[in-house]
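Please read the structure below before turning to the comments.
The values are calculated or read from the model by the stated rules, or taken from the named source; none is laboratory data. As the structure is a prediction and not an experimental result, all values here were calculated from the model. Using ideal geometry, Cβ is built from the backbone for each residue, glycine included, and neighbour counts are taken over all protein chains shown. Surface areas here come from the heavy atoms of the whole protein model, side chains and all, with no ligands, DNA or RNA. Shrake-Rupley method; radii C 1.70, N 1.55, O 1.52, S 1.80 Å.
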Amino acid sequence: MRTVVAAGAVALALALTAPTALAQPAAPRTDGVWRTDGYGTVVVLDGDTLQEYQTTAVGCLKGDAARRTAPGRYTGADGDVITVRVAGDGHHASLSVDGSVGHRALRRLPLLPGACTRPLPQDPVTTFDVFWQSFEDNYPFFAAKGVDWHAVRQQYRPHVRPDTTREQLFDLFSSMVRPLHDAHVAVRDGERAYAEVRPGTEAPGAGLDARARELITTRDLRDAPYRREFAQGRITYADLAGPGRLGYLRVSGFGGYTGDDPSYTAQLRELDAALDTVFTVDRAHRLRGLIIDLRVNGGGSDALGVHLAGRLTDTPYTAYAKRVRNDPHDPARRTAPEPVPVLPSPAPRFTGPVAVLTGGSTFSAGETFTQALMARPGRTLRIGQATQGLFSDVMHRYLPNGMNAWLPNEEFLDAAGRTYDGTGIPPHLVEPVFTAQEFAEGRDSAFDRAVNALCRR
């Protein structure tokens with residue numbers, strides 16, 4: 001008790017001698033239980049730990065965890081860095097993930113929902129119900145894809161019994177999602193995985209990338225007076241031969257730039273090092289046009305794409321707006337769209353005509369970057385084929401029996417409020433992209449069209 005009195009006396013003395021310092025409001029308390037607006041997630045912040053819980057109408061499963069590495073910042077086992085900022089009222093907050101664009105709104109809860117304190121059964125029927133409900137609560141594109149998800153449940157649930165094996169359940173889940181033709185939808189069980197690309201397209205795998213790289217190197221860039229690769233070969237730049245004074249920038253992904261550090265900070269540093277070499281003051285003024293080749297792009301960080309867009313404009317603008325499904329009972333309900341800005345880089349920039357090459361193997365962040373260039377002030381032309389049609393971040397959902405499901409729940413809107421999920425972003429000028437015939441005949445029609453279009457401008 002004497003210690004308490006002494007501490008109170010010291011506090012009183014400090015209040016009398018330094019009233020201004022003690023008048024500062026205390027920082028809002030971060031620790032506690034928070035529910036996201038959309039995403040079917042509850043987050044518990046407790047000291048040095050962030051713990052995720054994944055909720056559906058069926059129940060609640062413990063998700064990923066992260067450790068606190070700085071005030072309000074947490075790092076997961078996969079290297080993702082999460083930032084939580086609490087509003088002044090202490091009851092609302094925002095959560096962001098490095099490398100992703102936009103924020104997730106958080107609302108404080110008085111305590112952890114009761115369902116998150118009770119383990120879910122791990123039997124096949126419960127696992128089926130959690131799988132189906134995860135899509136029912138979050139997937140935004142059933143109507144656009146022409147899929148009746150309730151009819152899918154009626155068709156498949158009777159086939160699930162207490163003795164259904166994991167292999168049978170995996171095959172059944174794969175059959176359920178196959179008609180979506182959505183490569184951001186996946187079923188995983190250990191090393192076994194299933195995902196489906198849009199019909200008539202090819203995933204941007206190593207084989208396609210190698211064939212495309214060989215054709216581009218030996219044909220398109222054969223006489224280039226300057227050519228250099230960056231970021232472990234994920235970025236290529238060349239000054240093209242001829243009088244057109246054109247540049248060529250190939251980006252095969254928005255990530256994977258470093259071998260030892262997967263963090264967004266390391267990826268951004270590597271991207272900037274490449275762009276500083278490419279967009280010198282001299283070259284930015286000398287080039288009459290730039291070809292950006294995204295035809296084999298496996299995606300990655302949307303934020304890196306927005307950062308690259310900042311090297312291509314002198315004027316701030318909105319890349320797109322992002323919203324998410326946020327009512328499990330109403331498929332039409334969404335959060336308010338959050339605009340994602342493109343800010344001109346303080347480094348040298350190229351603001352002249354740009355031709356963007358795209359195709360069905362342009363995935364995810366490659367597509368959000370393409371979408372960001374749609375609103376770019378200035379002349380931007382798209383050539384090739386429609387992109388794959390994947391924009392959302394991927395929700396990773398655990399299932400009671402240890403299997404996993406991946407699915408999207410976000411929409412990226414253009415200035416007119418349209419999304420391009422499923423259909424992909426169409427080109428202005430249609431040309432074949434890395435077809436068997438193009439490879440066999442040593443042709444690159446989209447590249448040639450881009451050169452001709454830029455030289456005429």
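Does VAL251 meet the test of being closer than 26 Å to ALA77 by Cα and not small (Gly, Ala, Ser)? When the stated conditions are applied, VAL251 does not pass them. Restricting to region 170-194, what's the tally of residues that are open to solvent by 30 Å² or more (accessible area, probe 1.4 Å) and either in a helix (DSSP H, G or I) or free of Cβ contacts under 8 Å to residues at least 60 places away in the same chain (or both)? So the count comes out to 9. Just one residue in the set PRO339, PRO344, PRO348 is touching a strand residue (DSSP E or B) at 6+ places or on another chain (Cβ under 6 Å), open to solvent by 10 Å² or more (accessible area, probe 1.4 Å) and either β-branched (Val, Ile, Thr) or over 19 Å from TYR139 (Cα atoms) (or both); that residue is PRO339. Listed by first and then second residue, the pairs with beta-carbon distance under 8 Å, at least 6 apart or on different chains, first residue in region 201-229 and charged (D, E, K, R), second open to solvent by less than 80 Å² (accessible area, probe 1.4 Å) and at pLDDT below 95, are ASP223/ALA241.
Please list, ordered by residue number, the strands (runs of 3 or more DSSP E) wholly in region 40-83 having 2 or more residues that are charged (D, E, K, R). Those strands (runs of 3 or more DSSP E) span 60-70. The residues listed here are GLY384, GLY402; of these, the one that is touching a residue at least 12 places away in the same chain (Cβ under 8 Å), on the phi > 0 side of the Ramachandran plot and surrounded by fewer than 17 Cβ atoms within 10 Å (Cβ to Cβ) is GLY402.
For region 88-115, the set of residues classified as of a type in the set (Asp, Glu) and either surrounded by fewer than 17 Cβ atoms within 10 Å (Cβ to Cβ) or free of Cβ contacts under 8 Å to residues at least 40 places away in the same chain (or both) consists of ASP89 only.
For region 363-371, check the following and say yes or no: at least one residue is closer than 30 Å to TYR53 by Cα, in contact (Cβ under 8 Å) with a residue 60 or more places away in the chain and either open to solvent by 30 Å² or more (accessible area, probe 1.4 Å) or of a type in the set (Ser, Thr, Tyr) (or both). Within region 363-371, one or more residues are closer than 30 Å to TYR53 by Cα, in contact (Cβ under 8 Å) with a residue 60 or more places away in the chain and either open to solvent by 30 Å² or more (accessible area, probe 1.4 Å) or of a type in the set (Ser, Thr, Tyr) (or both). Residues of region 116-154 that are over 18 Å from VAL394 (Cβ atoms), buried (at least 19 other Cβ atoms within 10 Å of the Cβ) and of a type in the set (Ser, Thr, Tyr): THR127 alone.
Taken over region 237-279, the criterion of being open to solvent by 40 Å² or more (accessible area, probe 1.4 Å), within 23 Å of TYR226 (Cβ to Cβ) and part of a loop (DSSP other than H, G, I, E, B) is satisfied by ALA241, GLY242, PRO243, ARG245. The listed residues are ALA446, ALA416, ALA440, and the only one of them that is hydrophobic (A, V, I, L, M, F, W, C) and touching a residue at least 12 places away in the same chain (Cβ under 8 Å) turns out to be ALA446.
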